[in-house]
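Student: The following block contains the structure, expressed as structure tokens.
Just so you know, all these numbers are worked out from the coordinates, no wet-lab data involved. Given the structure is predicted, the values throughout are model-derived calculations rather than measurements. No Cβ is skipped: glycine too gets one built from the backbone with ideal geometry, and neighbour counts run over all protein chains shown.
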Amino acid sequence: MHGFSYKNGSLHCEDVDLTTLADQYGTPLYVYSAGTILDHFQRLDAALGGVEHEVAYAVKANSNLSVLRLLAEKGAGFDIVSGGELFRVIKAGGDPAHCTFAGVGKTRDEIVYAIQQGIYSFNVESEEELRYINQVAGELGVIVPVAVRVNPNVDAKTHKYISTGKSENKFGVDFEAIDGLYDRAARELPNIRLRGLQMHIGSQLTSIDPFIEAVEKVKPLVKRLKERHGIEFWSIGGGIGIIYKGSLASGDVAWWSNQAQDNAPLSIERYGHALVPRLQDLGLKILVEPGRLIVGNAGVLLTRCLYEKKGSAKTFKIVDAGMNDLIRPVLYEGHHEIVPLQEPSSDAKVTVDVVGPICESGDFFCQDRELPDFQPGDVIALMSAGAYGFAMASNYNSRPLPAEILVSGNSSSVIRARQTLDDIIAGETGA
Ligand SMILES: *Cc1c(COP(=O)(O)O)cnc(C)c1O
């Protein structure tokens, strides 16, 4: 099993030469490895084998229909955060009865749509929302399954914009308030069914410790809720981090390939070993909601160098992808390794900023980084761009959204065509 590696001096995704794809479909171009996506999903599924469980892929990380279909066919559930994501899951052949719906701001239309489709559970983020869902369910004359998201006040030790399990975050209901809320709901809200409890403490966690801390802190609460209210599932959220940094030496196993997870501070297997024994005695169905882990290292963004600009203070490599295509560097200080598609013949490095064409100073992929001296015309890969990459892309600066390619073995297919300029203005008046 392999994701991305040099073969005969040219970077490949599985058995497909990325240079060929860049030439054929143009750049910027997202390319995903189906084998890597499935490997991550199946390894997590196996690591949780000791407990009744469901892996509910967090759609927001990468919501391309073909990616969803790949996972749906292997029996994945889905964690969604909008009506739009539910629509996508259904279009891709996913089963709404295996969907959980999270998010602090669900609208009436979204709630009605999800009820009509028969989702597994609303993961509710406040008492106000719980009462509103009860009201809407009452108007429709149905009883709907819910879980409340508990905020366990645990420090996930990750970037502040992707930490969600502390009291100061907008997510979930305070740990101390959950018992009272479930008791009130059972007494006062006849149109909801208390089906489970949910938590999610943050994203890109690179240590097992916060997961253990959260599970141990919340477990007694889960036991009480099972006894008092008969809940049947506990979702322990997503957030398993991936490796973004590493060097690619020819012949080595690439760190973004699957094997590398074994040496990571937090691996799929370590996650399972640490948590399954702590969950086994509960007699509940355990849900996990991984997004980044499944798709992050399974995708790259290919971009072509347009110009080299030597300023008085810095050298800029200007490429044809911008922050509208991949916003993680400026939004989260996210690191993406930058690798030329043609393997450099020497170890010589230059210190450069790699920047895009967008009219923003935040439009960079790295700053003051030592990189091989690629030239205008060369194509580079921004590694580990499969999660929160295309999903966060926009038309800013009226730039068409890039195409997306899915590779499996030696075959590749376009799973999203590059937008045209007409696509960008579709829906506007004034032409
Ligand atoms: C974003 C999110 C996830 C997925 O997070 P990853 O870090 O990509 O695994 C899971 N659950 C909820 C509720 C989320 O908001």
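Student: Determine the dipole magnitude for the chain: charges of +1 sit on the beta-carbon of Lys and Arg, -1 on that of Asp and Glu, nothing else is charged, the reference point is the Cα centre, and the result goes in debye to the nearest 20.
Tutor: 600
Student: So, in nm, how far is label D422 from label F87 when the simple model puts each one 7 Å beyond its Cα toward the Cβ?
Tutor: If labels sit at D422 and F87, their model points lie 2.2 nm apart.
Student: How high is the FRET efficiency from E269 to T429, r the C-beta distance, R0 60 Å, rounded to 0.05?
Tutor: Step by step, r from the Cβ atoms, then E = 0.65.
Student: Further question on the same structure: Would you mind checking which residues have amide H under 5 Å from V144's amide H? H placed 1.01 Å from N; only 5 or more apart, or other chain.
Tutor: Here the answer is I192, R193, since their amide H atoms fall under 5 Å of that of V144.
Student: Would you mind getting me the FRET efficiency between V330 and Q24? Use the beta-carbon distance for r and R0 = 35 Å, nearest 0.05.
Tutor: E(calc), rounded to 0.05, equals 0.70.
Student: Give me D for the range 48-167 in µm² s⁻¹, whole number, from Stokes-Einstein with Rh from the Kirkwood sum over alpha-carbon pairs, 4 °C and 1.567 mPa s.
Tutor: Using the Kirkwood radius from Cα pairs, D works out to 85 µm²/s.
Student: Still on this model: Please give the length that would be gained between E73 and R184 if that part of the chain were fully extended, namely 0.36 nm times their separation in residues minus their C-alpha to C-alpha distance (nm, one decimal).
Tutor: Value of the extension gain: 36.0 nm.
Student: Provide the gained length on full extension for the span S346 to Q375, in nm with one decimal, where the gain is 0.36 nm per separating residue minus the Cα-Cα distance.
Tutor: 9.0 nm
Student: If amide hydrogens are placed 1.01 Å from N in the peptide plane, which non-local residues have theirs closer than 5 Å to the one on E54?
Tutor: Amide H neighbours of E54, under 5 Å, 5+ apart: I286, L287, V288.
Student: Report ³J(HN,Hα) in whole Hz for each residue of the range 70-81, in order, from the Karplus equation J = 6.51 cos²θ - 1.76 cosθ + 1.60 where θ = phi - 60°; Gly and Pro get x.
Tutor: So the Karplus estimates, Gly and Pro as x, are 3, 6, 4, 5, 8, x, 5, x, 9, 9, 10, 10 Hz.
Student: Using only Cα atoms, figure out Rg for the chain and give it as a multiple of 2.2 N^0.38 Å.
Tutor: 1.02
Student: Additional query: Residue by residue, what Karplus-based ³J(HN,Hα) values in Hz, rounded to whole numbers, does the range 396-409 have, using 6.51, -1.76 and 1.60 with θ = phi - 60° and x for Gly and Pro?
Tutor: For the range 396-409, the Karplus curve yields 3, 6, 6, 9, x, 5, x, 6, 10, 10, 10, 9, 9, x Hz.
Student: Out of the GluC sites (Glu not before Pro) in the range 294-384, which ones are loop residues according to DSSP with at most 10 other C-beta atoms within 10 Å?
Tutor: Answer by residue number: E333.
Student: What share of the DSSP beta bridges in the chain is antiparallel, in percent to the nearest 5?
Tutor: So the antiparallel bridges in the chain amount to around 50 percent.
Student: Same structure again: What FRET efficiency, computed as 1/(1 + (r/R0)^6) with R0 = 45 Å and r the Cβ-Cβ distance, is obtained for Y396 and V276, rounded to the nearest 0.05?
Tutor: Given R0 = 45 Å and the Cβ-Cβ separation, E is 0.55.
Student: Scanning the chain for trypsin sites (Lys or Arg not before Pro) in DSSP loops with at most 11 other Cβ atoms within 10 Å, what's the longest stretch left with none?
Tutor: Value returned for the longest uninterrupted segment is 246-431.
Student: Quick check: net charge around P372, other residues with Cβ under 12 Å of its Cβ, Lys/Arg +1 and Asp/Glu -1?
Tutor: So the environment of P372 carries a net charge of -3.
Student: Relative contact order of the chain, please, whole-number percent, based on alpha carbon pairs below 8 angstrom and at least 6 residues apart.
Tutor: 20
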